[in-house]
Amino acid sequence: MKARTSPYTHLIEYRGFRAAFGNLQDTRKTANPPPVHEVVHGIDLYIDEHETVALVGESGSGKTVSAQALMRLLSEDWISYPGGEILFEGRDVLTMDKEELRKLRGRDMGMIFQEPMSSLNPLHTIEKQLAESLMLHQGVSRAAARPQIVDWLKRVGLHDAEHRLSAYPHELSGGERQRVMIALALLNKPKLLIADEPTTALDVTIQDQILRLIKTLQQDLGMAVLFITHDLGVVRRIADRVAVMKDGRIIETGYRDRIFSAPQAVYTKLLIGSGTDQESPVPDRAAPEIAAVQDLKVYFPIKKGLFRRVTGHIKAVDGVSFTLRRGQTLGIAGESGSGKTTLGKALLGLVKSQGSIRIDGTEIQGFGEAALRPLRRKMQLIFQDPYGSLSPRMTIEHIVGEGLLIHALGSKEERRERVLTCLKEVGMGDEEVLSRYPNEFSGGQRQRICIARSLVLEPSILVLDEPTSSLDRTIQFQVLTLLKELQERRGLSYIFISHDLRMLQRLCHDMLIMKQGKVVEAGITREIMENPQHVYTQELLRTAFEGVEKAGLPDRTSP
């Protein structure tokens, strides 16, 4: 760490900071204003120059509110700061006027948001969005900005940077969009980078690249980093110090190694302990087959020219075979674009495919929609984003019971009772839940509702597509525990699609490792984890595990 030369004590310092949510417009207008809910309760935290502080905690703990208050990004019609200070180089951010804040944002502080697709403007090219920041803060022309933009896009590792300037966000992959967000945050060489869950939705290889990139750029620019995450593996790799938040309070702070080796708070111990059970289940080869796939292919045509002639094919799934046994879990791992999700959709008949698909001994390849409908009761899908997959206009009773209505199962009273039974089975059993809407629940509760919606039809197979990637580590642990219990109780078979190898290790009996539509390695999960044969599998494991003791490989994870 470089020697301090500045007159202030810390680059950033929170002193008794408090934040409260509420409709402040109504509060100002009415004699009986609605209540204001305090979400951050007097926190103290500092960040020094050149260091990385990780802010860790579950959803709703106040992490993002505290971080965004550094730049006053939240609408002050809805948020207030009833107490405390946030000092940047000795100046209180909370009392700055609009002109001071404009200079602060993007110039002295940069921010990488969790979801780059929703943070980048879909109507503007990459060049226009990056040029705007340079023109605003440095007063350069559009023409003068272009070489700087190309240079930064190259620095963040965007391939063929000159030709990507005219691209729109939807034309880039998730990893490429995140690199553009990093370039946008660092264009003006800020003194502080705020990274809000920047690797949550990325597969392990892209996550590794992004973490290495942030660390390298931090060293090059000499900036401080506030890194917000729920992934303790990321914290272990990137942080100098750690602050743990719960219910709007910082309950523990300390240097990284001390936090991991000797946590003091009960909640910190729970966070660290929730990821330690890594023993894979043992497969039972005597269990009956419930699904068998042979030489499955899904090709998407590439059409070009005025008449849209087919000039080639994207081989999303290219000759995949596997067997799924009753009461067991098959994990499918691989980076983005490897064909994992397409394979799951092909099994369910949601995309056209070639090859053999047998469910309970019945060949379903070639079945029309009418013939597939009765079989769909046996095969259900749980999506990655529980909020996006639940209709905001439907009550929980209607959401969970919709499948019963479609398949004309039972009377209205019987359907209601079955819905309530399934909700109880996933830990959401209060009758008042039935009349509520998805926005009234946390991420973990919404995922439980999604599981109940699938269970209500009493399926044999559940396809889980990244069902825990957007959840906190403690909530992930709860959902995985629930899935294990349901599997034992109901004899369910799972196909668990994920880029998180730690999740797959804990839940899956067998695994497929996919790359570019093909299976490069398959077998018992425990054997793959302990003795991976393919170079690609070895690389996935190196990037997935800190220290990689379980994989028996040399540690190459340090950024």
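Some observations on this one:
- Filtered residues of segment 73-93 (kept if touching a strand residue (DSSP E or B) at 6+ places or on another chain (Cβ under 8 Å) and within 19 Å of P190 (Cα to Cα)): L73, I86, L87, F88, D92, V93
- Across segment 475-501, the qualifying residues are those that are farther than 18 Å from E458 by Cβ and assigned to a strand (DSSP E or B), and the one among them that is modelled with the lowest pLDDT is I497.
- Those helices (runs of 4 or more DSSP H) lying entirely in segment 132-187 with at least 2 residues within 20 Å of F113 (Cα to Cα) and of a type in the set (A, V, I, L, M): 142-155, 174-186
- Segment 523-559: number of residues that are at pLDDT 75 or above, over 22 Å from P467 (Cβ atoms) and among the aliphatic types (A, V, I, L, M): 2
- Segment 260-274, residues that are in contact with a strand residue (DSSP E or B) (Cβ under 6 Å, 6 or more places away or on another chain) and among the polar types (S, T, N, Q): Q264, T268
- Flag for E413 being in contact (Cβ under 8 Å) with a residue 12 or more places away in the chain, part of a helix (DSSP H, G or I) and acidic (D, E): no
- Among residues of segment 424-445, those that are surrounded by 13 or more Cβ atoms within 10 Å (Cβ to Cβ) and modelled with pLDDT under 85, counted: 8
- Selection status of R212, of a type in the set (D, E, K, R), outside the structural domain of I528 (by TED's automatic domain parsing) and under 24 Å from E13 (Cα atoms): no
- For segment 509-530, the set of residues classified as among the acidic types (D, E) and more than 19 Å from L343 (Cα to Cα) consists of E527, E530, listed by residue number.
- Lone qualifier among T395, T421 - being touching a Lys or Arg at 6+ places or on another chain (Cβ under 7 Å), β-branched (V, I, T) and surrounded by fewer than 19 Cβ atoms within 10 Å (Cβ to Cβ): T395
- Among (1) assigned by TED's automatic domain parsing to the domain that holds L434; (2) within 30 Å of K297 (Cβ to Cβ); (3) polar (S, T, N, Q) - the single one T362 does not satisfy: (1)
- Filtered by the rule that a residue be over 19 Å from A69 (Cβ atoms) and assigned to a strand (DSSP E or B), segment 228-250 gives R241, V242.
- Meets criteria (outside any strand (DSSP E or B), closer than 20 Å to E58 by Cα and modelled with pLDDT of 90 or more) for I259: yes
- Filter pass, I290 being surrounded by 17 or more Cβ atoms within 10 Å (Cβ to Cβ) and within 27 Å of G60 (Cα to Cα): no
- Scanning segment 191-221 for residues that are assigned to a helix (DSSP H, G or I) and either closer than 26 Å to A333 by Cα or at pLDDT below 85 (or both) turns up V204, T205, I206, Q207, D208, Q209, I210, L211, R212, L213, I214.
- Selection status of G344, outside any strand (DSSP E or B), touching a Gly at 6+ places or on another chain (Cβ under 6 Å) and touching a residue at least 24 places away in the same chain (Cβ under 8 Å): no
- In segment 62-88, residue nearest to K215 (Cα to Cα) [restricted to those that are outside any strand (DSSP E or B) and touching a His at 6+ places or on another chain (Cβ under 9 Å)]: K63
- Only a single item in (1) in contact with a helix residue (DSSP H, G or I) (Cβ under 6 Å, 6 or more places away or on another chain); (2) crowded, with 19+ Cβ neighbours inside 10 Å; (3) outside any helix (DSSP H, G or I) is not met by V520, and it is number (2).
- The set of residues in segment 502-518 that are of a type in the set (D, E, K, R) and at pLDDT below 85 contains only R502.
- Sole residue being in contact with a Leu (Cβ under 8 Å, 6 or more places away or on another chain) and of a type in the set (G, A, S), chosen from G368, G401, G429: G429
- Looking across segment 430-445, the residues that are touching a residue at least 24 places away in the same chain (Cβ under 8 Å), closer than 11 Å to P392 by Cβ and in a helix (DSSP H, G or I) come down to P438, N439.
- V282 being more than 26 Å from the chain's Cα centre (by Cα), farther than 30 Å from W152 by Cβ and at pLDDT 95 or above: no
- Members of segment 239-296 that are assigned by TED's automatic domain parsing to the domain that holds V351 and among the basic types (K, R): R285
Let's see how each residue does on (1) at pLDDT 85 or above; (2) among the hydroxyl-bearing types (S, T, Y); (3) under 30 Å from S338 (Cα atoms):
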position: H230; (1), (2), (3): no, no, yes
position: R237; (1), (2), (3): yes, no, yes
position: D240; (1), (2), (3): yes, no, no
position: T276; (1), (2), (3): no, yes, yes
position: E289; (1), (2), (3): yes, no, yes
position: V293; (1), (2), (3): yes, no, yes
position: K297; (1), (2), (3): yes, no, yes
position: K303; (1), (2), (3): no, no, yes
position: H313; (1), (2), (3): no, no, yes
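- All positions within segment 107-132 that are over 30 Å from H41 (Cβ atoms) and within 26 Å of the chain's Cα centre (by Cα): P116, M117, L120, N121, P122, L123, H124, T125, I126, Q129, L130
The values are calculated or read from the model by the stated rules, or taken from the named source; none is laboratory data. In this text the structure is predicted, and so the values were computed from the model without any measurement. Because the Cβ atoms are built from the backbone with ideal geometry, glycine has one as well, and the counts that use them run over all protein chains shown.
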